[in-house]
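A.B. asks: Dropping a structure here in structure tokens format, bear with me for questions.
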Amino acid sequence: MDSANEPIRFETKIAVVLREDLAVWQRLNVAAFLVSGIAGTRSEVVGEPYEDADGVTYLPMFRQPVLVFEGSKEFMAIAHQRALQRGIEHSVFTQDLFATGNDRDNRAAVKAVATEELDLVGIALYGPKNAVDKTLKGAHMHP
């Protein structure tokens, strides 16, 4: 098999875990917000722009899959603690952010709550595959 046809393997993993009791619109919204933190800070995870056969160009996307999991409210706190202990880069979305309408208020809402008291509804992680897998041990793939 020539190198152009070999499977692409990644040493890192992008994963999102969402609280299982969220409405569908909330899950989609939270996942989109969370992964934007990874794309905005880790340029190596974003591929090249796309182009169709007519030469129309499109924005680039992640160069690797984003795996989406779900877990209970209790699991969210466990996964967050594990991510902190392992030093895994991650973004958080709290229940309070559903009541805000802009970035400044979002950041203020998170800033107002102690780490262990955050009411997490979503976390996105980026890091070495093994560390992300250990952090999310016990989570289930999103249906």
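The values are calculated or read from the model by the stated rules, or taken from the named source; none is laboratory data. This is a predicted model, so every value here is computed, not measured. With ideal geometry, Cβ positions are generated from the backbone for all residues, glycine too; neighbour counts draw on all protein chains shown. Note: accessible area is taken over every heavy atom of the protein model, side chains too, but ligands, DNA and RNA are not part of it. Shrake-Rupley method; radii C 1.70, N 1.55, O 1.52, S 1.80 Å.
A.B. asks: Go ahead and estimate [θ] at 222 nm for the chain from helices alone: -39,500 (n - 2.57) per DSSP H run with n ≥ 4, summed, over the residue count, rounded to 500.
C.D. replies: -10500 deg cm²/dmol
A.B. asks: Moving on. Could you give the semi-axes, largest first, of the ellipsoid that matches the stretch 78-127, computed as the square roots of 5 times the alpha carbon gyration tensor eigenvalues and rounded to whole Å?
C.D. replies: 20, 11, 9
A.B. asks: Same structure, new question: Find how much the distance from Ile8 to Ala23 grows on full extension, using 0.36 nm per residue of separation minus their present alpha carbon separation; answer in nm with one decimal.
C.D. replies: 2.0 nm
A.B. asks: Going by a ≥ b ≥ c, the root eigenvalues of the Cα gyration tensor, does the stretch 35-140 fall in the rounded group (a/c under 1.5), the prolate group (a/b larger than b/c) or the oblate group?
C.D. replies: It comes out oblate by the Cα gyration axes.
A.B. asks: For the stretch 1-58, what is the Kirkwood estimate of the hydrodynamic radius, computed as the reciprocal of the mean inverse distance between distinct Cα atoms, to one decimal in Å?
C.D. replies: Taking every pair of different Cα atoms in the stretch 1-58, averaging 1/r and inverting gives 14.8 Å.
A.B. asks: Projecting each Cα onto the charge dipole of the stretch 45-113 (Lys/Arg +1, Asp/Glu -1 at the beta carbon, about the Cα centre), which of Gln64, Phe75, Pro49 comes out farthest on the positive side?
C.D. replies: Phe75
A.B. asks: While we're here: When DSSP beta bridges are limited to those with both residues in the chain, what percentage is antiparallel, rounded to the nearest 5?
C.D. replies: 75 percent
A.B. asks: Whenever you get a sec, compute what percent of the accessible area on the chain sits on carbon and sulfur atoms (1.4 Å probe).
C.D. replies: Carbon and sulfur: 54 percent of the exposed surface of the chain.
A.B. asks: Restricting to lysine pairs 8 or more places apart or on different chains, what number in the stretch 1-138 have Cα atoms under 17 Å apart?
C.D. replies: 5
A.B. asks: Mind checking the stretch 97-143 for trypsin sites (Lys or Arg not before Pro) that DSSP puts in a loop (not H, G, I, E or B) and that have at most 12 other Cβ atoms within 10 Å?
C.D. replies: Answer by residue number: Lys137.
A.B. asks: Follow-up question, since we're still on this one. How long is the gain from Glu48 to Glu116 if the chain were fully straight, where each residue apart is worth 0.36 nm and the alpha carbon distance is subtracted?
C.D. replies: 20.6 nm
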